[in-house]
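Undergrad: For reference, the structure I am asking about is given below.
The values are calculated or read from the model by the stated rules, or taken from the named source; none is laboratory data. As the structure is a computational prediction, the values presented were derived from the model and not from experiment. Quick reminder, even Gly has a Cβ in these numbers, built from the backbone with ideal geometry, and neighbours come from all protein chains shown. Each accessible area value is taken on the protein alone, full model and side chains, heavy atoms only, with ligands, DNA and RNA left out. Shrake-Rupley method; radii C 1.70, N 1.55, O 1.52, S 1.80 Å.
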Amino acid sequence: MNRKECTRQRYVVAFLVVPILMITLGLSGCKNAEATKAEHVQRGEAFLKDKKYQEASIEFRNAIQLDDRFASAHWGLAQSYEGLQRYAEMIEELKRAVELDANNLDARVKLGTYYVGANAIRKGPELVAEADRLAREVLQKDANHIGGHILLADVLFAQDKREEALAELKRAIEIDPKRIESTLALAKYYIRTNDRAKAEEIFRQAISINGNSALAHSEYGKFLVQTGRGEQAESEFRRAVEVEPTNRDARFVLASFYLVHKQLDKAEESYKALAEFDKDKPEGRAILADFYSSIGRYDEAVAIYQEIVARAADYTRGRYRLSEIMLQRGDVRGASEQVEAVLKGNQRDMQALLLRSRIRLQTGDAKAAIEDLKEVLKQEPNSRAGLYFMAEANLRAGKVEQARIFAGDLARYYPDYLAAKLMQVQISLASKDPAAAVTMSNELIERLGKEAPSSETSPQMLTELRAKSLMARGIAELQLGKTKQAREDLTAARDLAPNSPSSYNNLALAALAENKLDEATGLYERALAIDSADFDALNGLINNVYSKQSRLDLAHGRVDQALSGRPESPALHYLKAHVYGFEQNAQGAESELRRALELDPNYLAAYFDLAALFVNTKQQDRAIAEYRKIIERRPDDATTYTLIGMLEDSRQNTDAAIENYRKAVELDPNSAIAANNLAWAYAVHGKGNLDEAVALAQGVVQRFPDVPGFADTLGWVYYKKGLHGPAVEQLQKVVAKAGDSAGYRFHLGMALAGKGDKAAARRELEEALRLGEKQPNFADAEEARKTLATL
C-alpha cells in the first residue's frame, strides 16, 4: 500500500454520518495493511532463523509489496539473499535498509563489510571510502559498537594503515573481552599479515577464553587445514562438536572436512548425525541425500528425496533437488515430473523454471529453454543463475553473440563469479577462437590457484572449476594442434575429477589426435565404467572407434547394454539409430529415431537426423516434413528454413526455395548460405531485385572472402546486372583459387565477353568446355558454345 492512501481524508457532504463511516473504513484498511506487513516480516524472520531462505525471501517481498519503505522488510530480504548467495541483490537491499532506517547499525556494518571484501578482489577506492563512511557513521551513533570497530579495522587495513587497524581490533576486544568473534577477527588480521605464529597464538587465546565455543574450535581447525595440519584440524573440528553437540554449523564443518579429504565413511557418519537433529523435518533428511548425491550414490539420494516429497508434497526444495539429481543421471522424464509438479502450483516459480530450462537444454531444445529463462529474468533481471543459463542456452542455440552479451552481463553484475569466467572461455571455443580461450583459461586457472574456499565457493566447487578450466584449455590446445600441452592439461583435469566421465572422454580426444585408437577405447570404457549410459562416451566409441574398425556388432552391444538399464532414454535410442546408419539400415535407423521422439517429442536432433536420412534416400517430401516439425517447435530457426530451401532448390521448386531463403535471412541476417542462395536465385531466375541480390552477395563475401562459391555468386550477380568490370575482377579471384571448375571458368568467360575482351573470353570458355567433359554436372556447355560462336 502506498503511504499516501493512509493520509487523513476530507469530505464535504450534507450528512455527517457518511464521512465518519468512510474515514472509519479508511483507517481500518490502513490498520489491516500495517498488521499484514508486520505478519509477513514476522514469518520471514522465523524462516531466517530456520535458514529457510527461499521461504523467508517470499515473506519479505510480500511485505515490501504492501509498503516499499518498510525498512525491516528490506533488511530481512537482504539477509535472505545472503543465505541464497544472491549477493548483488543482497547489496541493493542493504542499501535500501540503510537508507530507510538510520538506526540499523548492523545493516551498515554488513554493507561496509561486503564493500571491503569486494575491494580485496577488484581494487576500488570508492568501495573502501564508502565502507569508511559507514563504519564512522556507526561509531558516531554508538562508540562501543563492536561491529563498527571491526569494520573500521578492515577499512584501515585496506588503506594500508595496519597499526591503526590493529588498534581498532584491540578496542573491539576491550569492549567485550569474552566475545569470541572479536578475538577471531584479530587472529585473521595476523593471517593477513602472514604472521601465522601470532595468528595461532590468538586462536589458542580464543579457546582459552571459552573452551566450550564451537566457533573457536572450528575456526582454529580451518586455520590448521590451511597450514597443512590435517590431523590436528580434525581434532579441533571434533572438539567443536563435543563442546556444542547441538551446533549444526560445527557438525556441518566436520562432515565437510571428511568429505573434502575423501574420508567417506566418517563423512557419512557425520552427515547422518547432522540429519538426526531434524529427522522429522524434510530439511534434515535432505542434508544426507545431498551428501549421497555429492559422492555419486544417486540411488540413495533419489530414494531419500522421493520419501521426503511423498511425506511433504509442498516441500518444493525437495522437488528441486530430486529433479536436479534425476537430470544429472539422465532421467529426463523423472526430472520433468518433479518440475511440472511445482509449476502446477505456481507457473512462475523461478527455481522450477530454471530447472525446466536445464532439462530442455539437455534434450536439445534451447529455444524452449530460452523462453523459460526470459520469464526468470523478467522476474529478476539480475538473477545469477538466470543469466548463466541464458548464456548457455544461446550458446547451445548457436547464437554466440547473444550468449556473449548475457555472459558479459553476468560478469558485470557478478565480477567474482568464477563460473561466469569459465562460460566466457566456452563461448570463445564455440566461436572458433581457441587462442582467446587459452588466454582466458590461463587467467582463470591462475585466479583459481589463489582462491580460498568461502561461503560462495566450497572446496568441491573450486576443484570442479579447476578441472573444467583445465579441460577447456586442453580442448583449445587440441584445436590449435598443441597435442602435448593438451594431453598434460586433460590429464591434470582427469586427476582432479577422476569420477567424472567427461575427464576420460576429453582425454580420449587427445589420444585420437595422436592416432592412439586403443588408448582412446580404454578411456571411453573408463568413462562408461562410471556411467554405463554416458552419451559422450558411447558416441565417441561408436563414431570414433567402432565405425572405423567396422565393429558395429560391438556398437550395438554397448548401446543395448545401456538401454537395458535406461530403456526410456531418447538419447540412447538416438545413438542406436546412428549404429543402424553406419550399417546403411534405413529402416532400423528410422525406427530408433521414431522411438526417441515418442519418448521426447522435442528431441530436435532426432528430427534433423530423420530429415537427413530421407535426404540420403531421395525422399525429399518426407525430409521437408521433418524439417517442418522442427519449425513448429522452433519457428525462429534460420538453419532449418535454409535446409528446406536447399531441398526445394534440388527439386527445381524455385518459388518455394526463395520463400524459405527469405525467411532464413529475415530471422538471421548472418545466415550466409541462405543469403548466397537467395542472391543466386534472384540473379539466375529473375525472381527478385538485382540490387538486393548485390547487397546480399556482397555481405556474404565480406564475411567469407576466401570461399570461392560465395565469390562466384557475387561475380555472377554483377554480370547479370551488367557490371562486367566488377564481375571480371571478382571472378578472376575465384578462378585463381579454384580454376579446375568448369562452372567458374564459364562465368569468367561470359563476363569477359560482356566486357568486350574476346580473346580472354574465348580462352576461358574453351577451358570450361574442356573441363566440362569430365564434370557431368556442367549444365552450361550449350550456352558456352553459342557464345564462342559469336566471338
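Undergrad: Confirm whether Glu337 is closer than 30 Å to Leu563 by Cα and either open to solvent by 50 Å² or more (accessible area, probe 1.4 Å) or part of a helix (DSSP H, G or I) (or both). If you could, list the steps in order and put the result at the bottom.
TA: Numbers: closer than 30 Å to Leu563 by Cα: yes; either open to solvent by 50 Å² or more (accessible area, probe 1.4 Å) or part of a helix (DSSP H, G or I) (or both): yes.
Considered against the rule, which asks whether it is closer than 30 Å to Leu563 by Cα and either open to solvent by 50 Å² or more (accessible area, probe 1.4 Å) or part of a helix (DSSP H, G or I) (or both), Glu337 comes out as yes.
Undergrad: Modelled with pLDDT under 95 and under 20 Å from Ala38 (Cα atoms): is that true of Gly76 in this structure? It would help to see each step written out before you state the result.
TA: Values: modelled with pLDDT under 95: yes; under 20 Å from Ala38 (Cα atoms): yes.
Answer is yes for this residue.
Undergrad: Select from the stretch 658-696 the residues that are within 22 Å of Gly398 (Cβ to Cβ), assigned to a helix (DSSP H, G or I) and not hydrophobic (A, V, I, L, M, F, W, C) and list them in ascending order.
TA: Asn660, Tyr661, Arg662, Lys663, Glu666, Asn676, Asn677 - these are the residues of the stretch 658-696 that are within 22 Å of Gly398 (Cβ to Cβ), assigned to a helix (DSSP H, G or I) and not hydrophobic (A, V, I, L, M, F, W, C).
Undergrad: List the number of the failed condition for Ser294; all other conditions in (1) within 24 Å of the chain's Cα centre (by Cα); (2) open to solvent by less than 40 Å² (accessible area, probe 1.4 Å); (3) over 18 Å from Glu55 (Cβ atoms) hold.
TA: Of everything listed in (1) within 24 Å of the chain's Cα centre (by Cα); (2) open to solvent by less than 40 Å² (accessible area, probe 1.4 Å); (3) over 18 Å from Glu55 (Cβ atoms), Ser294 misses just condition (2).
Undergrad: Return the residues of the stretch 549-563 that are surrounded by fewer than 21 Cβ atoms within 10 Å (Cβ to Cβ) and aliphatic (A, V, I, L, M); say none if nothing qualifies.
TA: Hits for the stretch 549-563 are Leu552, Leu554, Leu563.
Undergrad: Out of (1) open to solvent by 10 Å² or more (accessible area, probe 1.4 Å); (2) free of Cβ contacts under 8 Å to residues at least 24 places away in the same chain; (3) aliphatic (A, V, I, L, M), what's the single condition that is false for Leu541?
TA: That leaves (1) as the condition not met.
Undergrad: Still on this structure, I have one more. Name the residues in the stretch 244-259 that are crowded, with 17+ Cβ neighbours inside 10 Å and assigned to a helix (DSSP H, G or I), would you? If you could, list the steps in order and put the result at the bottom.
TA: Step one: list which residues in the stretch 244-259 are crowded, with 17+ Cβ neighbours inside 10 Å, which gives 244, 247, 250-251, 253-259.
Within the stretch 244-259, Ala250, Arg251, Val253, Leu254, Ala255, Ser256, Phe257, Tyr258, Leu259 meet the criteria.
Undergrad: State all residues of the stretch 40-62 that are under 28 Å from the mean Cα position of the chain (by Cα) and in a loop (DSSP other than H, G, I, E, B); if no residue qualifies, say none.
TA: At the first step, the residues of the stretch 40-62 found to be under 28 Å from the mean Cα position of the chain (by Cα) are 51-58, 61.
Hits for the stretch 40-62 are Lys51, Lys52.
Undergrad: Can you work out which of the residues in the stretch 651-682 that are open to solvent by 10 Å² or more (accessible area, probe 1.4 Å) and either of a type in the set (A, V, I, L, M) or touching a residue at least 60 places away in the same chain (Cβ under 8 Å) (or both) is nearest to Gln619 (Cα to Cα)? Break it down into steps so the answer makes sense when it comes.
TA: Of the residues in the stretch 651-682, the ones open to solvent by 10 Å² or more (accessible area, probe 1.4 Å) are 651-656, 659, 662-663, 665-673, 676-677, 680.
Restricting the remaining residues to those that are either of a type in the set (A, V, I, L, M) or touching a residue at least 60 places away in the same chain (Cβ under 8 Å) (or both) gives 656, 665, 667, 672-673.
Working: Ala656: 17, Val665: 26, Leu667: 27, Ala672: 26, Ile673: 22 Å.
Per the stated criteria, the residue is Ala656.
Undergrad: Let me ask something additional. Just for the stretch 193-219: of the residues that are β-branched (Val, Ile, Thr) and either part of a helix (DSSP H, G or I) or in contact with a strand residue (DSSP E or B) (Cβ under 7 Å, 6 or more places away or on another chain) (or both), which one is surrounded by the most Cβ atoms within 10 Å (Cβ to Cβ)? So that I can check it myself, show each step before the final result.
TA: To start, the set of residues in the stretch 193-219 that are β-branched (Val, Ile, Thr) comprises 193, 202, 207, 209.
Restricting the remaining residues to those that are either part of a helix (DSSP H, G or I) or in contact with a strand residue (DSSP E or B) (Cβ under 7 Å, 6 or more places away or on another chain) (or both) gives 202, 207, 209.
Working: Ile202: 23, Ile207: 20, Ile209: 16.
Out of the qualifying residues, it is Ile202.
Undergrad: Identify all residues within the stretch 564-590 that are surrounded by 15 or more Cβ atoms within 10 Å (Cβ to Cβ), without any contact (Cβ under 8 Å) to a residue 24 or more places away in the chain and in a helix (DSSP H, G or I); write none if there are none.
TA: Lys576, Tyr580, Gly588, Glu590
Undergrad: Please indicate, with yes or no, whether at least one residue in the stretch 510-524 is closer than 21 Å to Ala605 by Cβ and at pLDDT 90 or above. Step through it out loud before you land on a result.
TA: Going through the stretch 510-524, the residues closer than 21 Å to Ala605 by Cβ turn out to be 524.
Filter once more, keeping what is at pLDDT 90 or above: 524.
For the stretch 510-524, residues closer than 21 Å to Ala605 by Cβ and at pLDDT 90 or above: present.
Undergrad: Here's a follow-up. Just to be sure before I move on: is Leu288 more than 22 Å from the chain's Cα centre (by Cα) and crowded, with 21+ Cβ neighbours inside 10 Å in the structure I sent? Break it down stepwise before answering.
TA: On the way: more than 22 Å from the chain's Cα centre (by Cα): yes; crowded, with 21+ Cβ neighbours inside 10 Å: yes.
Here the answer is yes, as Leu288 does meet what is asked.
Undergrad: Another one. Looking at (1) of a type in the set (D, E, K, R); (2) at positive phi; (3) within 16 Å of the chain's Cα centre (by Cα), which is the one condition that is false for Arg356?
TA: Result: Arg356 passes all but (2).
Undergrad: Show me the helices (runs of 4 or more DSSP H) entirely contained within the stretch 477-533 in which 1 or more residues are among the acidic types (Asp, Glu), touching a helix residue (DSSP H, G or I) at 6+ places or on another chain (Cβ under 9 Å) and surrounded by fewer than 17 Cβ atoms within 10 Å (Cβ to Cβ).
TA: Values: elements: 483-496, 501-513, 517-530.
Here the list reads 483-496, 517-530.
Undergrad: State which residue pairs qualify: first residue farther than 20 Å from Lys266 by Cα and inside the stretch 292-310, second residue aliphatic (A, V, I, L, M) and open to solvent by 10 Å² or more (accessible area, probe 1.4 Å) in any location, beta carbons under 6 Å apart, and separation of 6 or more residues or different chains.
TA: none
Undergrad: Please determine whether any residue of the stretch 421-438 is open to solvent by less than 40 Å² (accessible area, probe 1.4 Å), closer than 30 Å to Leu597 by Cβ, in contact with a Leu (Cβ under 6 Å, 6 or more places away or on another chain) and not charged (D, E, K, R).
TA: Within the stretch 421-438, none of the residues are open to solvent by less than 40 Å² (accessible area, probe 1.4 Å), closer than 30 Å to Leu597 by Cβ, in contact with a Leu (Cβ under 6 Å, 6 or more places away or on another chain) and not charged (D, E, K, R).
Undergrad: Moving on to the next point. Applying the selection to the stretch 602-649, what residues are in a loop (DSSP other than H, G, I, E, B) and touching a helix residue (DSSP H, G or I) at 6+ places or on another chain (Cβ under 8 Å)? If you could, list the steps in order and put the result at the bottom.
TA: Just the residues of the stretch 602-649 that are in a loop (DSSP other than H, G, I, E, B), to begin with: 602-603, 617-619, 634-637.
Asn602, Tyr603, Thr617, Arg634, Asp636, Asp637 - these are the residues of the stretch 602-649 that are in a loop (DSSP other than H, G, I, E, B) and touching a helix residue (DSSP H, G or I) at 6+ places or on another chain (Cβ under 8 Å).
Undergrad: Looking only at the stretch 86-107, filter to residues that are part of a loop (DSSP other than H, G, I, E, B) and surrounded by 15 or more Cβ atoms within 10 Å (Cβ to Cβ); which one of those is modelled with the lowest pLDDT? Spell out the reasoning first.
TA: Restricting attention to the stretch 86-107, the residues satisfying the condition of being part of a loop (DSSP other than H, G, I, E, B) are 86, 101-104.
Checking the rest, the ones that are also surrounded by 15 or more Cβ atoms within 10 Å (Cβ to Cβ) come to 86, 101, 104.
Values: Arg86: 74, Asp101: 94, Asn104: 94.
The extreme case among them is Arg86.
Undergrad: Can you say whether Ala46 is open to solvent by 30 Å² or more (accessible area, probe 1.4 Å) and either without any contact (Cβ under 8 Å) to a residue 12 or more places away in the chain or touching a Cys at 6+ places or on another chain (Cβ under 6 Å) (or both), as far as the supplied structure shows?
TA: Working: open to solvent by 30 Å² or more (accessible area, probe 1.4 Å): yes; either without any contact (Cβ under 8 Å) to a residue 12 or more places away in the chain or touching a Cys at 6+ places or on another chain (Cβ under 6 Å) (or both): yes.
Yes, satisfied.
Undergrad: Confirm whether Gln424 is free of Cβ contacts under 8 Å to residues at least 24 places away in the same chain and under 12 Å from the mean Cα position of the chain (by Cα).
TA: The answer is yes for Gln424.
Undergrad: Follow-up question, since we're still on this one. All but one of (1) open to solvent by 60 Å² or more (accessible area, probe 1.4 Å); (2) outside any helix (DSSP H, G or I) hold for Arg595, so report the exception by its number.
TA: (2)
Undergrad: What helices (runs of 4 or more DSSP H), lying completely within the stretch 342-415, carry at least 2 residues that are open to solvent by 60 Å² or more (accessible area, probe 1.4 Å) and at pLDDT 90 or above?
TA: On the way: elements: 350-362, 366-379, 384-396, 400-413.
Answer list for the stretch 342-415: 366-379, 400-413.
Undergrad: Keeping to the stretch 108-138, report how many residues are over 23 Å from Glu451 (Cβ atoms), of a type in the set (Gly, Ala, Ser) and open to solvent by 20 Å² or more (accessible area, probe 1.4 Å).
TA: 1
Residues are listed down the side, and each one gets a yes or a no for (1) charged (D, E, K, R); (2) in contact with a helix residue (DSSP H, G or I) (Cβ under 8 Å, 6 or more places away or on another chain):
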site	(1), (2)
His149	no, yes
Leu152	no, yes
Phe157	no, yes
Lys161	yes, no
Glu168	yes, yes
Ser182	no, yes
Ala185	no, yes
Ala216	no, yes
Arg229	yes, no
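Undergrad: In the stretch 46-83, how many residues are under 22 Å from Gly284 (Cα atoms) and among the basic types (Lys, Arg)?
TA: Qualifying residue count for the region: 3.
Undergrad: Taking interchain pairs and intrachain pairs at least six residues apart, which have beta carbon atoms under 8 angstrom, with the first residue in the stretch 237-258 and farther than 15 Å from Asp278 by Cβ and at pLDDT below 95 and the second surrounded by fewer than 17 Cβ atoms within 10 Å (Cβ to Cβ) and of a type in the set (A, V, I, L, M, F, W, C)?
TA: As it stands, the answer is Tyr258/Leu264, since those pairs meet every condition given.
Undergrad: OK, next. If I ask for residues that are open to solvent by 50 Å² or more (accessible area, probe 1.4 Å) and under 18 Å from Ala638 (Cβ atoms), which ones from the stretch 696-728 would you list?
TA: Arg703, Phe704
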